[in-house]
Structures are given as structure tokens and as C-alpha cells.
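Quick notes on the structure that follows.
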């Protein structure tokens with residue numbers, strides 16, 4: 001019996017210790033914004049005003065003064081405040097009733113510059129000031145905008161700028177507030193010297209990524225952008241920027257301390273995909289063939305690794321940075337053995353690509369591919385092909401980091417062609433391949449993902465079936481196409497062989513839910529097919545569900561899907577990569 005009483009007493013004491021000391025406050029008569037500001041000014045936590053530093057409950061005058069100050073900051077200078085006791089048992093509590101009365105509004109606003117030449121960025125900032133006439137005064141907006149103007153001036157090289165006049169006049173009787181600023185720009189500082197240290201690469205190459213030039217006006221956003229561009233180039237481990245200001249000469253010296261990336265890199269790769277089977281690869285890279293940052297990569301990959309068969313892909317790639325930092329000239333030679341539905345092909349390829357990153361969202365590339373292909377197939381197709389295929393590709397990302405994107409969209413557009421003078425036998429065609437992905441964040445946990453692909457080939461069907469290289473035939477089905485169907489299992493058939501189609505359409509609708517910090521659950525439906533006749537085609541459909549493990553390299557997806565055409569069972573699909 002005694003033990004039970006002691007336990008009960010302990011529980012009561014623990015519950016009392018959980019109650020935070022202070023005064024419970026209830027506020028009525030104002031909207032959530034004003035209420036939040038009052039509670040913030042009272043330093044309240046969960047509507048409890050903490051004790052004073054001496055351990056006493058806060059006085060009525062303290063509460064009223066803090067509330068009045070919070071309302072004044074948002075333009076209400078003459079509120080009628082009523083504070084009454086609202087005790088809840090032994091717990092001290094107060095009820096604050098607020099009658100706001102009329103607010104003070106912005107009236108006359110004068111924002112002028114004392115400058116030789118006002119930078120455009122400052123002019124645009126002032127044009128969008130928050131002091132619109134008859135708008136309720138907000139002292140937070142006033143302070144933030146004043147700080148923004150000072151920061152922007154400093155960033156633009158006006159390092160001695162200051163407010164010659166900074167006046168806020170509030171007429172409570174007239175319920176008006178006037179702003180009068182005179183901003184003295186002072187001299188605009190210039191870049192005196194740019195020093196590059198630590199790298200063995202040529203300074204001309206470094207300057208392609210940098211917007212910092214001797215003699216130009218100091219501009220902090222340009223310095224930050226240059227540092228980011230150098231860090232993202234892949235050529236350097238780190239880039240540190242130091243600045244030295246000479247207030248007498250009104251100049252700034254900039255020093256770039258650069259640590260080069262390792263010259264050589266050896267990579268090995270081991271993985272698995274339900275379409276590609278086991279994966280095994282190795283690559284060797286030299287990032288600095290010379291001081292102009294030429295580099296090469298030699299790689300050997302094996303896919304569909306089994307005891308008796310494997311896809312083999314050997315490549316040697318040489319990359320040359322061009323005059324524009326975001327452009328590269330890439331030349332590649334490769335030999336590939338592929339085992340696909342149409343048959344076993346051996347392809348020797350020479351490819352030259354001019355890649356250009358237009359900005360953070362757009363990229364394009366022109367390329368020309370020269371290849372010889374030997375195809376072993378049971379279908380009635382040409383066994384030996386030689387061809388040259390020029391192509392153009394345009395990519396758009398709405399976000400700058402697709403690996404971590406929670407929403408956004410991506411568009412990839414490819415056009416390629418060949419003709420009688422470029423191939424043997426004659427392979428005359430024009431082809432387009434359009435791919436679109438879109439992610440919507442419904443809320444913090446739910447997302448909607450859409451994916452679509454539309455490809456079309458302008459070429460005689462008989463010529464296509466007989467002579468089209470295997471790389472340019474369309475197939476549907478598989479991990480990133482129509483789940484629930486085997487890889488490349490949806491296409492026209494000839495002699496019981498899936499030979500690929502002139503056209504392709506596929507789409508997917510997926511909804512996923514974040515049920516853990518690193519895991520999402522998804523349900524989806526896919527549809528699509530590859531076909532030759534635009535007037536007579538059928539879409540194959542599937543449904544499924546899966547789990548996504550969110551990692552820094554993208555999501556690892558485990559899906560199970562069922563085809564809705566015919567008597568087919570469930571298929572497992574495993575893929576890795578960014579959602580976008």
C-alpha cells in the first residue's frame with residue numbers, strides 16, 4: 001500500500017514539473033498576424049508569458065506596454081487595451097482584449113540619392129519600395145528596406161555610402177507617416193588587381209569562369225558568381241576569395257586561392273537494374289592533360305552480366321574546354337556489343353559533340369555520329385550498316401539542381417537525320433524524340449509526378465524495318481517506360497522478332513507520399529507502345545506501387561507493376577537516379 005502511495009505522489013510531482021512557470025495569456029480582438037506579434041513581443045511560449053529575471057510574474061503594466069509596442073510596430077498607435085484576470089485554478093492567467101482603432105498610414109515618401117551616377121540596381125530597388133500611399137505603416141518593412149538599400153549599395157561597390165538624412169515622421173493625430181531619405185552614394189570603388197594563386201592551369205582558363213576583371217566597378221554578386229562557377233567547373237577542389245580594400249585609392253584587390261582537383265581518377269562501378277541486369281564498370285580519367293584543362297576518360301562497362309552473355313561498352317573520350325567556359329568540344333570513340341530484342345549488334349562509333357550550357361536552365365549540343373554496325377538477327381534486316389547521323393539536342397531544367405528537386409520540370413528535345421549520301425545502304429530519315437517530366441508538390445508530404453515521351457520517324461516503313469540502325473529504333477516497356485512489361489517488349493514484330501517501331505508514345509502518372517525522412521511510397525499507372533502506323537496503334541497499360549529510398553545520388557526505386565493487357569503477372573523494377 002505504501003509503495004502505491006509513493007508512486008502516485010511521484011507522478012503528481014512530475015506532472016507539476018512539466019507545467020511551465022509564468023502567466024497564461026489569452027488575446028482577442030485582433031487577427032493572427034497582430035496576435036503573433038504581441039505574443040512574440042511578450043517572449044511568450046505556447047501562450048505563456050515567462051517570469052521576470054527575478055522570478056516574479058510580469059506586471060499588468062509590462063504586459064500592456066509590450067502589447068502596445070507590438071501593435072505600434074504594425075501601424076496601430078492608439079489601441080484601446082483591456083487586461084483582466086482570467087485565472088484558471090491556481091494558475092495565473094490574463095485576458096487581453098484589443099480594440100485597434102484607426103491605423104496610421106504612409107503619406108508622403110521622399111527617397112532621393114546624392115550620387116554622380118545612380119546604379120540601375122539601386123534605382124529599381126527604390127522604385128519598388130514598400131511605402132505605398134495609404135498602406136498601413138509597418139516598422140518592420142521600414143527597417144528591412146533600409147537595410148536592403150544599404151546592403152545593395154555596399155555590394156555594388158559604394159563602400160562609403162550612408163544616409164545623409166533618414167527621417168520617419170509619424171503624425172498620430174492625422175494618422176499619417178512621412179518618410180524622408182537622402183542617400184549619399186560616395187565614390188564607387190573599382191577592382192585594382194586580380195591575383196590567381198595555387199593552380200597549375202592557365203590563368204586564361206580561370207578567367208573564362210570569372211567575371212572579376214581589373215578596372216571594372218566592384219560588384220559583390222559578380223565575385224560570388226565567379227567563385228561558384230569555378231567551384232562547379234569540376235576542375236578545382238576549392239576556391240577561396242580574399243578581398244583587400246584601399247579606402248584612400250577607392251579600390252579593391254581580389255585574390256583567388258585555388259586548389260586543383262586530383263589529376264588522375266580511377267572509378268569502379270557495381271550495380272543492378274532490372275532492365276540492364278548486373279552492371280560492372282571501370283574508368284580512368286586524366287583531368288589535366290595540359291594547362292588548358294584538356295582531359296580524357298577511358299571506360300569499360302559490362303551490363304546484363306551472366307555466365308554466358310554480357311553487353312560490352314568500351315569508350316575513349318577526349319574533352320576540350322572552349323573559349324566560353326560553359327562550352328566543350330567532346331570527341332569519343334567507342335565499341336559496343338548489345339544483346340537486345342532485335343538481335344545481337346556490334347557497333348563501332350566515332351562521335352564529335354559541341355556542348356554548350358546556355359545558362360543555369362538551358363543547354364544545347366550539336367553532334368555528328370559516324371558508325372559501322374554488324375547485326376545478327378532472325379528478322380529480315382540488313383546485317384551490315386555504315387552511316388553518319390548529325391543531331392541537335394536541347395535540354396531545359398526549371399531547377400538548377402535536379403538531384404534534390406522536390407518540384408519542377410524538365411524537357412529534352414532531340415532531332416536527328418541521315419540521307420543517301422551519308423549511309424550505306426541508303427538510310428534517309430528525319431527523327432525527333434521529345435521527353436518531358438513534371439513534379440508538383442501538393443504539400444510537404446505529397447507529390448504528383450508526370451512523365452511523357454513522344455518520338456516519331458519520317459521514313460518509308462519497309463526501309464525502316466530493313467535498314468534502320470538499332471540505336472534509332474523505338475521500343476517501349478521496362479523500368480523507365482511502361483512498367484509491368486519486359487524491357488523492349490512493346491514494338492512491331494517481324495518473323496517473331498521485336499524489331500522496333502518508327503514512333504513511340506509513353507506516359508506515366510505517379511503520386512508519392514513521404515512517410516519517413518528518407519522514404520516515399522508511390523502508386524502509379526503507365527501506358528505506351530512503339531508502332532509504325534500513326535492511324536492504327538494501341539496503348540498498353542499497367543498499374544503498380546513501390547517504395548523510394550531518397551539518397552544524395554537520387555532515389556533508389558523498388559516497384560512492382562502489373563500489365564493490364566493479357567494474362568501477365570507482376571514484374572519487379574529497380575531503378576536509381578534523380579526524379580527529374
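The values are calculated or read from the model by the stated rules, or taken from the named source; none is laboratory data. All figures in this text were calculated on a predicted structure; none of them were measured in a lab. As a convention, Cβ positions derive from the backbone with ideal geometry for all residues, glycine included, and neighbour counts pool all protein chains shown.
General remarks:
- When the helices (runs of 4 or more DSSP H) confined to region 1-76 are screened for residues that are more than 42 Å from the chain's Cα centre (by Cα), surrounded by 16 or more Cβ atoms within 10 Å (Cβ to Cβ) and at pLDDT 90 or above, those reaching at least 3 such residues are found at 60-73.
- Looking only at region 354-368, and only at residues there that are more than 10 Å from residue 393 (Cα to Cα) and part of a strand (DSSP E or B), the one that is modelled with the lowest pLDDT: 357
- Considering the conditions (1) crowded, with 20+ Cβ neighbours inside 10 Å; (2) within 23 Å of the chain's Cα centre (by Cα); (3) over 26 Å from residue 411 (Cβ atoms), residue 498 is excluded by exactly one of them, (2).
- Options 464, 474: the member that is assigned by TED's automatic domain parsing to the domain that holds residue 513, over 36 Å from the mean Cα position of the chain (by Cα) and more than 13 Å from residue 389 (Cβ to Cβ): 464
- Complete set of residues in region 233-251 that are within 27 Å of the chain's Cα centre (by Cα) and either assigned to a strand (DSSP E or B) or surrounded by 13 or more Cβ atoms within 10 Å (Cβ to Cβ) (or both): 233, 235, 236, 237, 238, 239, 240, 241
- Residue selected from region 77-91 under the condition in a loop (DSSP other than H, G, I, E, B) and under 50 Å from the mean Cα position of the chain (by Cα), by the criterion surrounded by the fewest Cβ atoms within 10 Å (Cβ to Cβ): 78
- Residue 254 vs. criteria in contact (Cβ under 8 Å) with a residue 60 or more places away in the chain and in a strand (DSSP E or B): yes
- Test: residue in region 391-399 that is free of Cβ contacts under 8 Å to residues at least 60 places away in the same chain and out of contact with any strand residue (DSSP E or B) (no Cβ under 8 Å at 6 or more places or on another chain): no
- Scanning region 206-222 for residues that are surrounded by 18 or more Cβ atoms within 10 Å (Cβ to Cβ) and either outside the structural domain of residue 253 (by TED's automatic domain parsing) or in a loop (DSSP other than H, G, I, E, B) (or both) gives 210, 212, 218, 219.
- Residue within region 289-298 that is farther than 26 Å from residue 388 by Cα, modelled with pLDDT under 90, surrounded by 17 or more Cβ atoms within 10 Å (Cβ to Cβ) and within 28 Å of the chain's Cα centre (by Cα) present: no
- Residues that are farther than 29 Å from residue 228 by Cα, buried (at least 17 other Cβ atoms within 10 Å of the Cβ) and out of contact with any helix residue (DSSP H, G or I) (no Cβ under 8 Å at 6 or more places or on another chain), drawn from region 380-403: 391
- For region 257-277, taking the residues that are without any contact (Cβ under 8 Å) to a residue 60 or more places away in the chain and within 22 Å of residue 227 (Cα to Cα), the one that is surrounded by the fewest Cβ atoms within 10 Å (Cβ to Cβ) is identified as 262.
- Cross-chain or 6+ apart pairs with Cβ under 7 Å, region 376-390 first and free of Cβ contacts under 8 Å to residues at least 24 places away in the same chain, then in a strand (DSSP E or B): 383/374; 383/375; 384/374
- Just one residue in the set 342, 358, 347 is in the same structural domain as residue 402 (by TED's automatic domain parsing) and surrounded by fewer than 18 Cβ atoms within 10 Å (Cβ to Cβ); that residue is 358.
- In region 263-288, the residues that are over 30 Å from residue 311 (Cβ atoms) and within 28 Å of the chain's Cα centre (by Cα): none
- Looking at 229, 225, just one residue is without any contact (Cβ under 8 Å) to a residue 60 or more places away in the chain, out of contact with any strand residue (DSSP E or B) (no Cβ under 7 Å at 6 or more places or on another chain) and outside any loop (DSSP other than H, G, I, E, B), and that residue is 225.
- Subset of region 504-560 that is outside any strand (DSSP E or B) and surrounded by 16 or more Cβ atoms within 10 Å (Cβ to Cβ) - its residue that is nearest to the chain's Cα centre (by Cα): 539
- Scanning region 154-181 for residues that are surrounded by 15 or more Cβ atoms within 10 Å (Cβ to Cβ) and under 18 Å from residue 131 (Cβ atoms) yields 168, 170, 175, 176, 177, 178, 179, 181.
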